[in-house]
Amino acid sequence: MKKLALLSIVMFLVIVCKAQKTPSKIDVRFGFGSSLLGSGDMHTLMFENELNLKLSKYWTVGGGLGFAKSNKGVFEQASFIQANSNIYISPLKNNGKNDFRLGTGLSWYTVSDVYLSSARYQNGQLISSGYEFDNRKSIGLNVIIENTYLLSAKYMIGIKLFTQPYQNGDINSGILLKFGTKI
């Protein structure tokens with residue numbers, strides 16, 4: 001019985017070690033950068049988390065969540081949260097250290113804007129102000145150009161250019177620096 005238990009443990013460890021040597025088809029990427037929200041009306045600081053599944057040397061699917069905030073532009077403040085679902089093609093194959101890929105997919109986002117609606121001055125001094133909030137949601141299309149370089153068998157760095165035209169007329173375009181790891 002002890003020999004069977006010991007053999008089982010050794011077999012389990014061998015399988016685990018062997019499985020770890022197989023290249024993972026799943027990676028997670030974290031990005032940060034800047035975007036121009038609303039056709040350039042608001043300059044945002046943006047963060048993104050993305051999970052990718054490599055289907056073949058040419059095709060990858062991914063999903064991600066993004067968040068951005070700004071206090072530079074036509075509004076006092078703006079922020080958004082978005083969810084993205086994409087498919088990527090690697091026209092030069094995704095089998096080496098470098099992966100150049102083009103992507104498209106759907107995006108859903110919700111935006112909150114804050115703007116000054118009234119201000120009262122006395123002797124050149126602001127004595128009261130009122131603010132309005134505007135919330136909107138929309139579905140859009142992602143257009144992505146991305147290049148990723150493997151630093152090691154597990155870690156990667158990349159750059160992503162994107163534009164997202166939305167049904168409500170907003171456009172979000174930007175650039176992100178991305179760091180990732182295979183899991």
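The values are calculated or read from the model by the stated rules, or taken from the named source; none is laboratory data. For clarity, every value in this text was computed on a predicted model and none was experimentally measured. A quick note on method: Cβ atoms are made from the backbone with ideal geometry, for glycine too, and the neighbour counts reach across all protein chains shown. Each accessible area value is taken on the protein alone, full model and side chains, heavy atoms only, with ligands, DNA and RNA left out. Shrake-Rupley method; radii C 1.70, N 1.55, O 1.52, S 1.80 Å.
Assign one of three labels to segment 61-102, namely rounded, prolate or oblate, based on the Cα gyration tensor with a ≥ b ≥ c the square roots of its eigenvalues; rounded applies when a/c is under 1.5, prolate when it is not and a/b is larger than b/c, and oblate otherwise.
Prolate.
Taking the Cα atoms only, what angle lies between the long axis of helix 2-21 and the longest principal axis of the chain, rounded to 10 degrees?
Compared with the principal axis, the helix lies near 50 degrees.
Taking Rh as the Kirkwood radius computed over C-alpha pairs, what is the Stokes-Einstein D of segment 119-172 at 4 °C in a medium of viscosity 1.567 mPa s, expressed in µm² per second?
Estimated diffusion coefficient is 81 µm²/s.
Roll a 1.4 angstrom probe over the protein heavy atoms and tell me the percent of accessible area of the chain that is carbon or sulfur.
On the way: 7540 of 11340 Å².
Carbon plus sulfur share of accessible area: 67 percent.
Among 67-80, 132-145, 113-126, how do they line up from the highest to the lowest mean number of other beta-carbon atoms within 10 Å?
On the way: 67-80: 17.8, 132-145: 14.2, 113-126: 10.4.
The densest-packed peptide leads the list: 67-80, 132-145, 113-126.
Write down the Å³ per residue value for the convex hull defined by the alpha carbon atoms of the chain.
Spread over its residues, the Cα hull of the chain gives 169 Å³ apiece.
For the chain, what does the accessible surface come to per residue with a 1.4 Å probe? Please give it in Å².
Here the residues of the chain average 62 Å² of exposed surface.
Would you work out if segment 29-88 is rounded, prolate or oblate? Take a ≥ b ≥ c from the square roots of the eigenvalues of the alpha-carbon gyration tensor; rounded if a/c is under 1.5, else prolate when a/b is larger than b/c, oblate otherwise.
It is prolate, given that a/c is not under 1.5 and a/b is the larger ratio.
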